[in-house]
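Below: the structure, in structure tokens.
The values are calculated or read from the model by the stated rules, or taken from the named source; none is laboratory data. Everything numeric in this text was worked out from a predicted model, so none of it was measured. Because the Cβ atoms are built from the backbone with ideal geometry, glycine has one as well, and the counts that use them run over all protein chains shown.
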Amino acid sequence: MTPDRNLRLTNATIIDGTGTPPLHNGVLDITPDGHIAYVGTAAEAPANHGADERDLHGATLLPGFIDCHVHLGFTLANGPFHTLQNDPALIVLESVARIRATLDAGITSARDLGGLSQGFREAIDQALIPGPRLKLAVSPISHTAGHGDMHLHGGTLAPTIPELIEIADTVDEVRKATRRVLRQGADLIKICTTGGMGSRHDHPDDEGLRLDEVRAIHDELDRHGGKPIAAHAQGRKGILTAIRGGVTSVEHGYGIDDEGLDLLEERGAFLVPTLSTVFAIDKKTMQPYHYAKKVKWSEITKKNIGHAIARGAKIALGTDAGVCPHGQNLRELGHLVDLGMSPMNALIAGTRTASELLGISDEVGTLETGKLADLVVTDTDPLQDIHALADPSRIQIVMKAGAYVKDLGNTAAHTTPA
Ligand SMILES: [Zn+2]
């Protein structure tokens, strides 16, 4: 039986996220329960008596985008004392505002890789607040003095989000840390197999969790239904350790070489290059140590991630928002294109491939019959000017499971007679 169609979007230029060329004068039908009932040409569209019809006037209709690397629980620019200096209610509501800004930027699903507790995911699922569907890592696991160890030079634990930090230094400790993070409601485990740039006491080429520890986490997760692992991995050696240990995705991956790319391909792992963060360099606001690392590693990134793109590595969109500004997530697409990716492949990285990494490709990630109607409407032509998508004001409509969550009203709407 044909499902009832409660909404028909017409006169759309449809880019469905599968790599199929744009379909002009396209139609997309949405059922009352928020699924896509039809997507295709106007000529072949079935009858839709009684449906609300909205003319998109040729605007581009895309799947809702997916950011695989965000930190919605903080804005690094606020400094390490922000949570100490402010009321807890304000801290929570700031996260709510960041979640809203992420949705407004066209992100309908996101993976938070540290610093956001499970209550936010529940609040969104219960429709208490608007936000992207979330997958959470909650607390990243790191060695003492590793990338995730937030102790300051004076010895105090920097209270950015102190309860969401896991320090573990042995195989037994990482197993126990994994169990604690699962108890916190994590959908996946985030680990640090290298140092980083924002951390003062280490460097991207420093190694973090050891191979036996990564394997132990993998094994521990297998005992709990096989959840994914995301590895913060910037330098070459730690990238290899992460992939050999069985991670699902390499985050950043700036130092990846051909050996790493071969392994990535062999294991079917994803690369999330977070170019938005490595290219966010501001001498005025950054600590000198941080600035120097960024200048050096942005050049390394251009070469290595450019090469990964040329080799066709499985790349998913991720920004590291929180370290770089929130609410400009689609800036990442332009960075990928600047390093040699085609605009169409950048759109796929931000939709279909990202949905595969999050394990939600049965439901979202492409505009296909039967999937949830998570979608974005923009007045830009992303194949001509991908950089324009970085501006949230160019994202006119965002829909999550068939419900409007953003509507700037720039397209005509009317109801057809029943
Ligand atoms: Zn991050």
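Is there a residue being in a helix (DSSP H, G or I), assigned by TED's automatic domain parsing to the domain that holds Arg267 and not aliphatic (A, V, I, L, M) anywhere in segment 315-328?
No: segment 315-328 contains no residue that is in a helix (DSSP H, G or I), assigned by TED's automatic domain parsing to the domain that holds Arg267 and not aliphatic (A, V, I, L, M).
Just wondering, is there one or more residues in segment 210-222 that are over 20 Å from Ala349 (Cα atoms), in contact with a Phe, Trp or Tyr (Cβ under 9 Å, 6 or more places away or on another chain) and either touching a residue at least 12 places away in the same chain (Cβ under 8 Å) or within 16 Å of the ligand (Cβ to nearest atom) (or both)?
no
Residues checked against (1) among the basic types (Lys, Arg); (2) closer than 17 Å to Asp206 by Cα:
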{"position": "Gly238", "(1), (2)": "no, yes"}
{"position": "Val247", "(1), (2)": "no, no"}
{"position": "Tyr254", "(1), (2)": "no, yes"}
{"position": "Leu271", "(1), (2)": "no, no"}
{"position": "Thr277", "(1), (2)": "no, no"}
{"position": "Tyr291", "(1), (2)": "no, no"}
{"position": "Lys302", "(1), (2)": "yes, no"}
{"position": "Ala310", "(1), (2)": "no, no"}
{"position": "Val323", "(1), (2)": "no, no"}
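Can you tell me how many residues in segment 236-258 are in contact with a His (Cβ under 7 Å, 6 or more places away or on another chain) and either more than 16 Å from the ligand (Cβ to nearest atom) or more than 23 Å from Glu299 (Cβ to Cβ) (or both)?
2
Tell me which residues, restricted to segment 218-246, are surrounded by 24 or more Cβ atoms within 10 Å (Cβ to Cβ) and in a loop (DSSP other than H, G, I, E, B).
Those that are surrounded by 24 or more Cβ atoms within 10 Å (Cβ to Cβ) and in a loop (DSSP other than H, G, I, E, B): Gln234, Gly235.
Within segment 15-42, which residues are of a type in the set (D, E, K, R) and assigned to a strand (DSSP E or B)?
Correct list: Asp29 only.
Just wondering, is there one or more residues in segment 243-251 that are closer than 20 Å to Leu221 by Cα and of a type in the set (Ser, Thr, Tyr)?
yes
For segment 329-348, name all the residues that are part of a loop (DSSP other than H, G, I, E, B) and either modelled with pLDDT under 95 or within 16 Å of the ligand (Cβ to nearest atom) (or both).
The answer is Asn329, and nothing else.
Residues being part of a helix (DSSP H, G or I) and touching a His at 6+ places or on another chain (Cβ under 8 Å): count how many of those fall in segment 99-133.
Residues that pass the stated criteria total 2.
All but one of (1) over 24 Å from Gln287 (Cα atoms); (2) part of a loop (DSSP other than H, G, I, E, B); (3) free of Cβ contacts under 8 Å to residues at least 24 places away in the same chain hold for Gly154; state the number of the condition that does not hold.
Every condition holds for Gly154 apart from (1).
Picking from Ala97, Ala45, Ala110, Ala51, which residue would you name as being away from the ligand (no atom under 16 Å from the Cβ) and under 28 Å from Met344 (Cα atoms)?
That would be Ala45, the only listed residue that is away from the ligand (no atom under 16 Å from the Cβ) and under 28 Å from Met344 (Cα atoms).
Collect the residues in segment 278-302 that are of a type in the set (Phe, Trp, Tyr) and either away from the ligand (no atom under 16 Å from the Cβ) or not assigned by TED's automatic domain parsing to the domain that holds Asn78 (or both), keeping them in residue-number order.
Tyr289, Tyr291
Considering only segment 66-98, state which residues are out of contact with any strand residue (DSSP E or B) (no Cβ under 8 Å at 6 or more places or on another chain) and in a loop (DSSP other than H, G, I, E, B).
Matches in segment 66-98: Phe74, Thr75, Gly79, Pro80, Phe81, Asn86, Asp87.
What's the number of the condition Pro46 fails, among (1) in a strand (DSSP E or B); (2) without any contact (Cβ under 8 Å) to a residue 60 or more places away in the chain?
All conditions are met except number (1).
Quick one: what pairs do we get from segment 232-246, first residue touching a residue at least 40 places away in the same chain (Cβ under 8 Å), second away from the ligand (no atom under 15 Å from the Cβ) and aromatic (Phe, Trp, Tyr), C-beta under 6 Å, 6+ apart or different chains?
From segment 232-246, no pairs qualify.
List every residue pair whose Cβ atoms sit under 8 Å apart, with the two residues 6 or more apart in sequence or on different chains, where the first one lies in segment 262-277 and is in the same structural domain as Gln234 (by TED's automatic domain parsing) and the second, anywhere, is among the aromatic types (Phe, Trp, Tyr) and within 14 Å of the ligand (Cβ to nearest atom).
Correct list of pairs: Pro273/Tyr254.
Quick grid of which residues meet (1) at pLDDT below 95; (2) of a type outside the set (Lys, Arg):
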| position | (1), (2) |
| --- | --- |
| Thr60 | no, yes |
| Pro63 | no, yes |
| His71 | no, yes |
| Gly79 | yes, yes |
| Pro88 | yes, yes |
| Arg100 | no, no |
| Leu116 | no, yes |
| Phe120 | no, yes |
| Leu128 | no, yes |
